[in-house]
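Here, each number is a calculation from the coordinates, and none is a lab measurement. Predicted, not measured: the structure shown is a model, and the values here were computed from it. Positions of Cβ are backbone-derived with ideal geometry, glycine not excepted, and every protein chain shown enters the neighbour counts.
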């Protein structure tokens, strides 16, 4: 110990014990007396780094984690097979964390180009929160749209299946009618307009209009139903002209029918025995050529003018040629 028994003490800076002048001269400020700090035996300095302070320092070091320094970390966690680097302080560790976060999240704000029919439009995203909010809104809208598309597609598939069934049934019916009517036909290729392009992707023009060739058939028969019906009507007109008889509604229908039948029988008998008159035969041929207009009253019995009606000619040999 120093001579004289005087122990050095450490007093806090600032005014000493006693009165200290203040800004107001009427008010005096007093400071508490300083208690002498314990001294190290045989020394001259107070025990500021005692066991208690050392324990507190160790606790702070463990809390901060400096005992684990330095540490080995990847130089970039956002790439494959990163290299290792050493970090020896908390400041370097914090800087490394900021760099890795920036590498993972990317650059902000970011502009997203969106193509539109009027041109490319850039939409800005200032931060991750607004980007996530935008994505969530779009996902919800797309989910609603997808549900509606699924419902519409299901209904369209049912309708298309029904239409396909009806079209197949109509095809079989048409083929059966062709076989029943007996007209000649042959397979042929027919172009059908489509509102889409088969075999294309959506980005390659799937929704573009196109034309496709399908298998059809072509009628190759030279005779149509009109010509056939014309012949039938002509034969019916001849039969009607021969057998048509006008009956008196006020008379006896039975008697009139009997007379007509007997008259036809007598005519057939005379024709069979050769007692018929040639002039009557010629008159009959003329009436047939005219369509029995005098009996029926029809100006065009064969559905054509009289000059375009059938012409009956006598092709039998004369008496000298028999």
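Structure summary
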item	result
Distance in nm between pseudo-label sites at residue 253 and residue 148 (7 Å out along the Cβ direction from Cα)	7.3 nm
Residue 164/residue 71 FRET efficiency (R0 51 Å; Cβ-Cβ; nearest 0.05)	0.15
Packing-based exposure ordering (other Cβ within 10 Å, fewest first) of 96, 108	108, 96
